[in-house]
Each structure stands twice: as C-alpha cells, then as structure tokens.
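Working notes, structure below.
The values are calculated or read from the model by the stated rules, or taken from the named source; none is laboratory data. Owing to the predicted nature of the structure, the values given are computational and were not obtained by experimental measurement. Virtual Cβ from ideal backbone geometry, glycine too; neighbours counted across all protein chains shown. The area values use the complete protein model at the heavy-atom level, side chains included, leaving out ligands, DNA and RNA. Shrake-Rupley method; radii C 1.70, N 1.55, O 1.52, S 1.80 Å.
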Amino acid sequence: MYVIKLFIFLQFLYVYSYGIQFDYIKLENMDKNNALLKVEKKNKLYEYVIEYKLEKNGYLNDNKLNTNFYDTSFYDLNNEDKQSVTFANSLYINDNIWLDLNFNYEDSLKKSIDNSIGLFSENKIYKQQSLAKLYFKHNSIMTSKLSFESINSNLNSNINIDTNGYRNLILKDKNKVSFDTNLGFDSIDVYTKIYQINDNYNKFYKDIDSDYIKNKNNISRGIELTFEKDFFESYLISSTLFRENNYYDYIYRKSDSNKKEKIDSESQGIKISIIKSFYDNLKLAMLAIISHNKIKNSNRKDLIGNKLKDKAEKQLNMNLEYKIKKIKLFSRLTHMSSRYANENNSKKLDVYTVASIGSSYYTKVKDKDIKFNFDIKNIFNKKYFIDSDTHGESRSYFFNMIMKF
C-alpha cells in the first residue's frame, strides 16, 4: 500500500518536473516502515519545498504485518499508518513585499487491542492546515504582516468493548486572521497585533443505549501592544498590554436532556518578559502575566460579573539554561495562582508551583549528529490540578535520542 502511494506521488513529480527544474529531489529513510521524500526549488523570485512522509508505528510482528493482528494470543497490540504532505512556498514580489504559503495534509489510521478488557478501537484521523502570510515593508523601520491560518481536523473513532459498540465523530475547525506591525527604532521596538480566532467543536457520540451531540463555538477578538528593549546586549525586556473579548456558545443535546450556555467574557492585563544573558553560556528567562478576567454577559444571569473558570490571574514562568561544551543543563519553574473551578465561583483550585530539570548532550557518530535528552518533570512530585477536572502530571522521567541522517 505504501509503495503504491509513493510510486504515484513520484510519477506526479516526474510529470510536474517537465515544466520546472528542481534543485533537488531527495528520498530519505526509505525502509518498510518509513519514507520521506523532499523536493526543493529556489531562485530570486520564489522558493518552495514539498515533503511527502509515510510512517508505520507500533507493529510488533515485522515479518507478518497485520497477519496476526486480530489473534487473541497477542496482548495489548496497536499500530498506526500515517501519511502527510507538506507544501512550503515563498513568493517575493519585490524587496518590500513577499508572501509565505504553507499547506499541510495529514491522515492516519490507528488500531489497538487490549485483551485484558476485551477492547478493540480504531481511530481514523484527518487533518489539514493552511497558513498564508503577506509581508509589506513600508520603510526602513516599519513592517506589516497580514496572516490567515486555518486548521481542520476530523476524528472518526470506533470502539468495541466486549462486543458493545461505541462511536465518536469529532470535527474541529480553527480559523485565525491577524494584522501585525513592527516599528524598529534605535532605542526601542514596538509591536502591535489585532486578531480574531474562530473555534468550532462538534462531537457526535453513540453507543448501544444512547447518543448525544455537543457543539461548542468560540470567537476571540483581541489587541496587543508590545514594547521591547535590548539593554547592553545583555538584558532583553519586553512588556505587552493585551485585551481580549471571548464569545462562547455551547449546546448539549441528548435524548433525555438539553443544555444551552452562552458566555461573553473579557480578559485584560500585562505580560512582562525578561531575558538575561550572564555569559555566553548562562541565560535566564522569566515571564510574568497579570490579568483580570470576568464574565460580562450570559444567558444565565447568576454568572454575570463572575471570574472565568480555570483562568489563573497571576502566572510566573522561569527558565535557567547553562551550556558547557557539548552539554546543556536547564531547569524550569511554573507558578500558577488560585483559580475558580466553575463559572459559579463556588469552588477554588489551589495555588501550585512545579519545577523540572533536564539536560541535553550533543555528539557525533560517523559524522552523524546525535542529541541525547534527559528530563525529570515535577521533581517534587507536586499534586495539582491543571484545570477543573484534569490532574497535573506526577513526577516523570523522560529520555530520548535524536539522530540526523
């Protein structure tokens, strides 16, 4: 199946290349489970890169793929077929106007079996993302950018537990438009951003006894004003004033119940960022956010004037990084103030502070770059809630290796 798909795509490129001379066509990581094809073309007026990637993950029996997938003698099996196509394009109209276009298409089919509870699941996921950015350099100090972003995803999930069938169909759309300007003066940089984000979430759930539909629509409109200053090439300080209005519309329909909720809220505040370089190898970064969030209007009158749920009005993030030869050491600290767990403001979540540490090691083996990562997250094993019903991650250890071919 993968060989056929790859062959078709290669034929497409072969025909397409009659009109355009590519700088290179490169095939990487070609084996029975993975393949990556890259095509690139660049000149003074435009450049583009096309990537076609095929992946197979989680197959336990390499000699007979899928042959024994439904054999109950196996325990906890899972596999996934994934493919994606990415187009990255840039068009230079002149020295002052240029356009970036990026498109990504991805689909995957994931199957799993857990014989301990008699569960079989199959998830079909389709996702497409497009991003367009138009840049205009007015003069030596001012640049504007108009960007459009769209993300569409579709999850079709079928689950069988002891012959009982369940089905989830989830559709998610996100569209964002923003207009940014950058003014670069000798003493300070000034950035502005105006944006609107539309989020749509639709879920259909069905089992042998019941079914329900959830619809969530969210519109966010905001404005940001940022001042950034570099002091002595050692301190980079920026402050951002922001204000955002959020319109939330939620509908839940079930055979025996219906629920509708509309909330119009407002958030405003300031973000302060400080990056300090002590030497070439030691850097400290801090981000503090102070905000005020409230419900302005709602179909439920008792919510008007309340604080937003799961929204911390004080946040602090600190990152310390130290490099010595081929080793990088780092630590992270996150502090979140108390938040309300519901719109009624009848229950509060506790303040929490979580710390993590880690290291990276860079080396080469036969001229291949290799990176080793080791992280310990939540080193004090702090118990906390991220939001109203989600526990934070307990202490965990993470190790991986990355090699570039």
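Some points to look at:
- Residue-level accessible surface for Lys262, protein heavy atoms, 1.4 Å, Å²: 120
- The order of Ser112, Ser360 by accessible area, most exposed first and with a 1.4 Å probe, is Ser112, Ser360.
- Where segment 201-327 is the region considered: accessible area per residue in Å², 1.4 Å probe: 64
- Projecting label points 7 angstrom from Cα along Cα→Cβ for Leu171 and His335 puts them 4.6 nm apart.
- Working note: Karplus 6.51/-1.76/1.60 with θ = phi - 60° gives segment 361-370 the couplings 10, 10, 7, 10, 10, 6, 6, 9, 6, 10 Hz, where Gly and Pro are set to x.
- Solvent-accessible area of Phe380, all protein chains in place: 150 Å² (probe radius 1.4 Å, heavy atoms, ligands and nucleic acids excluded).
- Summarising the amide proton neighbourhood of Ser338: residues at separation of 5 or more, or on other chains, whose placed amide H is nearer than 5 Å comprise Val351.
- Residue-wise HN-Hα coupling along segment 34-40, computed from phi with Karplus coefficients 6.51, -1.76, 1.60 (Hz; x: Gly, Pro): 9, 7, 9, 10, 10, 10, 9
- Net lengthening on full extension, Asp256/Val351 (0.36 nm per residue, minus Cα-Cα): 30.4 nm
- Cβ-derived FRET efficiency at R0 60 Å, Lys366 paired with Gln196, nearest 0.05: 0.75
- Mean separation of Cα contacts under 8 Å, 6 or more apart, over the residue count of segment 252-361: relative contact order %: 20
- Summed side-chain charge close to Gln315 - residues other than Gln315 whose Cβ falls under 11 Å, Lys, Arg +1, Asp, Glu -1: +3
- For Ile93 and Lys229, the difference between the fully extended length at 0.36 nm per residue and the C-alpha to C-alpha distance is 45.8 nm.
- Most to least packed among 222-235, 169-182 [average Cβ atoms within 10 Å]: 169-182, 222-235
- Rounded to the nearest 20, the Cβ-based charge dipole of segment 124-241 about its Cα centre (Lys and Arg +1, Asp and Glu -1) stands at 520 debye.
- Segment 317-402, accessible surface, carbon-and-sulfur percent (1.4 angstrom probe): 56
- The phi torsions of segment 189-195, fed into the Karplus equation with coefficients 6.51, -1.76 and 1.60 and a -60° offset, translate into couplings of 9, 10, 10, 10, 8, 10, 8 Hz, rounded to whole numbers, with Gly and Pro shown as x.
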